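The values are calculated or read from the model by the stated rules, or taken from the named source; none is laboratory data. Note that the structure is predicted; figures quoted are calculated from it, not measured. Neighbour counts are summed over all protein chains in view; Cβ atoms, including those assigned to glycine, are modelled from backbone coordinates with ideal geometry.
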Amino acid sequence: MLLKQLPPAAADPLVELIATFAADPAPEKVDLGIGIYKDEAGEAPVLGSVKRAERWLLENQASKSYLSPAGDPAFNAAMQELLFGPRHPALTDGRVRTIQTPGASGALRIAAELIRRVRPQATIWVPRPTWANHVPIFRASGVGVREYRYYNRASSAIELDAMMHDLEGAAADDLVLVHGCCHNPSGADPDASQWKHLARFFAARGLMPLVDIAYQGFGTGVEEDAFALRLLAQSVPEMLVAASCSKSFALYRERTGVIALVAANAGDAANTHGHLLQLIRAMYSMPPDHGAAIVARVLQSPGLRQEWERELSGMRERIRAVRARFATLLASAANRDFSYLTAQNGMFSFLDIAPAQVERLRRQFHVHLVDTGRINVAALSDANIVRVANAIGAVLRGASSP
């Protein structure tokens, strides 16, 4: 029998963490593991701009008929402009095509399927560390994966020289995955000069960037966070982009994203667009509509766009404030320097903490995080930040109590 041949499936650490947290009966438990933005009340809110867009859709959307494998044209146009800006040379030259996908995860899988079709011997190079699902997505498509050094846990900084050294081993037409902003899990992003160095390196060696941008607006600002993507699109002949609306629009369960391609010329862009549509048609036919319709309405309505940018700014500034306060509290509790937390971007950072210490945090203090020490700083609030900092300090010092 077919199904009896399956070995037990390997456990997913994040799924296990969700189950462990749910089973913890302590009312004061804190979840620092799951990558969802939470407000000061500890809730994952629905944005006011999103609610207003949904009300408009309820009253005005005339049909639930199929669209196409490319998804919502208005959404694709709005996201393309959000990512590249309205007058980017790659747009004016007709080198860009954008297609709606089921989240950035769907975009990454489509990108991998395209690479397997075009150049099956290519390797996708991913940073070490990177988002936990990158490697499984690419390997499920049969694409070769290799790592390059990116972040040094000891110095809490990017290892640019080590990164360049590792990528010297990449072949022309290999792909290099980079995080467009707010690197997950480290929170450490290259600065402008480092991005320019990387852009020249990729162009000189014939490497194709695959930009995963899931947190636009969570770092420095909507425009600022697109700097690397826009620079690379000007610097290399070909590029792929996977973008998510989950965080920036708080649309997690709506699975809303895009894949964008930058080709050497308009003809190559049109031809590649056709191949992407073939792949999508064979995989899931066409993407879900609701989240894309919301985002299109928000981005194309001046009032809603302004409201969304204010809400996004509020989330970003709250994270910045939490980082600063947490760094100060941790320094006092653990007698160590945590200033690197204030220099990093987005929701995630690493703590220099061993798996056994993580387990003690869960068991004794009911503070839950993944064994790697990655934390979601957006899960901290006035109600829990002092207790969490004291608990981490106690564990790092080896003390029995805070």
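Return the total of residues in the range 159-202 being over 17 Å from F227 (Cα atoms), acidic (D, E) and surrounded by 15 or more Cβ atoms within 10 Å (Cβ to Cβ).
Count: 4.
Is one or more of the residues making up the range 24-37 in a loop (DSSP other than H, G, I, E, B), of a type in the set (A, V, I, L, M, F, W, C) and in the same structural domain as R255 (by TED's automatic domain parsing)?
No, every residue in the range 24-37 fails to be in a loop (DSSP other than H, G, I, E, B), of a type in the set (A, V, I, L, M, F, W, C) and in the same structural domain as R255 (by TED's automatic domain parsing).
Filter the range 20-71 down to residues that are without any contact (Cβ under 8 Å) to a residue 12 or more places away in the chain and of a type in the set (K, R) and give me whichever is nearest to N376 (Cα to Cα).
K51
Just to be sure I understand, how many residues within the range 81-115 are at pLDDT below 95 and in contact with a Gly (Cβ under 8 Å, 6 or more places away or on another chain)?
Selection size over the range 81-115: 0.
Kindly check whether there is at least one residue in the range 264-274 that is surrounded by 13 or more Cβ atoms within 10 Å (Cβ to Cβ) and touching a helix residue (DSSP H, G or I) at 6+ places or on another chain (Cβ under 7 Å).
Among the residues of the range 264-274, not one is surrounded by 13 or more Cβ atoms within 10 Å (Cβ to Cβ) and touching a helix residue (DSSP H, G or I) at 6+ places or on another chain (Cβ under 7 Å), which makes the answer no.
With respect to W131, determine if the residue is touching a Pro at 6+ places or on another chain (Cβ under 9 Å), in contact (Cβ under 8 Å) with a residue 40 or more places away in the chain and aromatic (F, W, Y).
Judged against the criteria, W131 is a match.
In the range 108-128, is there at least one residue being in a loop (DSSP other than H, G, I, E, B), of a type in the set (A, V, I, L, M) and either in contact (Cβ under 8 Å) with a residue 12 or more places away in the chain or over 26 Å from D72 (Cα atoms) (or both)?
yes
Could you list all residues from the range 321-347 that are under 15 Å from D382 (Cα atoms) and surrounded by 14 or more Cβ atoms within 10 Å (Cβ to Cβ)?
V322, R323, R325, F326, A327, T328, L329, L330
Could you identify the single residue in A270, A282, A293 that is hydrophobic (A, V, I, L, M, F, W, C) and without any contact (Cβ under 8 Å) to a residue 40 or more places away in the chain?
The unique qualifying residue is A282.
Among the residues that make up the range 85-108, is at least one of them out of contact with any Leu (no Cβ under 9 Å at 6 or more places or on another chain), over 23 Å from A260 (Cβ atoms) and loosely packed, with under 13 Cβ neighbours inside 10 Å?
no
Please determine whether any residue of the range 98-105 is under 30 Å from P302 (Cβ atoms) and in a helix (DSSP H, G or I).
Yes: the range 98-105 contains one or more residues that are under 30 Å from P302 (Cβ atoms) and in a helix (DSSP H, G or I).
Residues of the range 250-262 being buried (at least 23 other Cβ atoms within 10 Å of the Cβ) and under 13 Å from the mean Cα position of the chain (by Cα), which ones?
T256, G257, V258
Residue check, A263 against (1) under 23 Å from Q234 (Cα atoms); (2) touching a Gly at 6+ places or on another chain (Cβ under 8 Å); (3) not acidic (D, E), all met but one. Which one?
So A263 meets the others, but not (2).
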